[in-house]
Amino acid sequence: MQGHHHDDLNVKKVDKLSPTRVRLTVEYGADAITRHEASIVNRYSQAAKIPGFRPGKAPVSLVKQKFKDEILRDVVSHLLESGLSEAIQKSKLNPVSQPQVKLGEIQEGKPFGFEAEFDVQPDIELRNYKNIPVTRKPAEITDEEVSKTLENLRERLASLEPDTATQPTKGSFAVVEVGFELENGEKKQEKQTHTVEVGADRLLPNIEKEILKMTVGETKLIEDVFPADYPEKEFSGKKAKFELKILELKKKVLLELNDDFAKQLKEGANLDAIKQEIRDNIKSSKEAEARREERQVVVDYLI
């Protein structure tokens, strides 16, 4: 939720593709990526677990190197999100469909641009619009909606810490070493290490069942069948024997909802400020929804 300089966003052109469809071409100044990157790198370095460093103490260059792709993805999605709504406001358009976005090239120190296409209401000469029945509902925001958003943010900032338990339970994370061989011996997969969430239905059914009975350090042979819609076609629908070993267990640790948590989301913020910001965001999206419905009523009436 970074604040940003509104001056570096430029709506280069607005093409009317048809009476009801437009394309915006938008560009950010050359330093936009670098500037937004700083605050996102900061968030990663607070939460990053890098061997040899205490959380939050790893050098920025190392954090940037390790999470290069994730950081860039976050920067781009942030610039897109804020840039799109700002560009739509600047060009005084009212989208009535989800914008389709095409990204330009992304390079540090270069301008970053994108195109967005979406539908708009046709220009209609207004008939007698004085008696159009429109009733706007005031946007109501419940504490529950705010809590739900906070919970989602906690999930996103959660970290995995070593767990001293000796047996996995639903919801724990297991670091496993797993290899397998297809039943007819035609194909082997050498052992690989993965971190898996136990009990989240992400594993094959027998493995899901057996892993709950295993202890750390134990190795087990488990037979299972790859589902027919398995993405790697050579395995789909085939029986295999898996060799599975639990190397260690981890548990997901959610940050406490306090001012420290707020600071991870936004520099210098406290929890009340974050709650207020969430409220404002929910409110503005509900109001936008209400305006959309309202426009629909007006359009139905006029067409």
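The values are calculated or read from the model by the stated rules, or taken from the named source; none is laboratory data. Note that the structure is predicted; figures quoted are calculated from it, not measured. Note that each Cβ is placed from the backbone with ideal geometry, even for glycine, and that neighbours are counted across all protein chains shown.
Hey, among the residues in the range 179-230 that are β-branched (V, I, T) and surrounded by fewer than 17 Cβ atoms within 10 Å (Cβ to Cβ), which one's nearest to the chain's Cα centre (by Cα)?
So, considering only residues that are β-branched (V, I, T) and surrounded by fewer than 17 Cβ atoms within 10 Å (Cβ to Cβ), the one nearest to the chain's Cα centre (by Cα) is T195.
Can you find a residue that is among the small types (G, A, S), assigned to a helix (DSSP H, G or I) and within 21 Å of the chain's Cα centre (by Cα) anywhere in the range 285-298? Steps first, please.
Pass one, the range 285-298, residues among the small types (G, A, S): 285, 288, 290.
Then keep just the ones that are assigned to a helix (DSSP H, G or I); that gives 285, 288, 290.
Filter once more, keeping what is within 21 Å of the chain's Cα centre (by Cα): 285.
The answer is yes, given that some residue of the range 285-298 is among the small types (G, A, S), assigned to a helix (DSSP H, G or I) and within 21 Å of the chain's Cα centre (by Cα).
Going through the range 158-198 one residue at a time, which ones are among the polar types (S, T, N, Q), part of a strand (DSSP E or B), in contact (Cβ under 8 Å) with a residue 24 or more places away in the chain and closer than 16 Å to L244 by Cα? Within the range 158-198, T193, T195 meet the criteria. Within the range 271-282, being closer than 12 Å to I141 by Cα and either in contact with a strand residue (DSSP E or B) (Cβ under 9 Å, 6 or more places away or on another chain) or exposed (fewer than 15 other Cβ atoms within 10 Å of the Cβ) (or both) holds for Q276, D280, N281. Go through the residues of the range 272-290 one by one and say whether even a single one is at positive phi and small (G, A, S). Looking through the range 272-290, none of the residues is at positive phi and small (G, A, S). Among the residues of this structure, A48 does not count as one that is touching a helix residue (DSSP H, G or I) at 6+ places or on another chain (Cβ under 9 Å), surrounded by fewer than 16 Cβ atoms within 10 Å (Cβ to Cβ) and in the same structural domain as L103 (by TED's automatic domain parsing).
Scanning the range 51-66 for residues that are under 22 Å from D260 (Cα atoms) and not charged (D, E, K, R), we see that the one that is surrounded by the most Cβ atoms within 10 Å (Cβ to Cβ) is V63.
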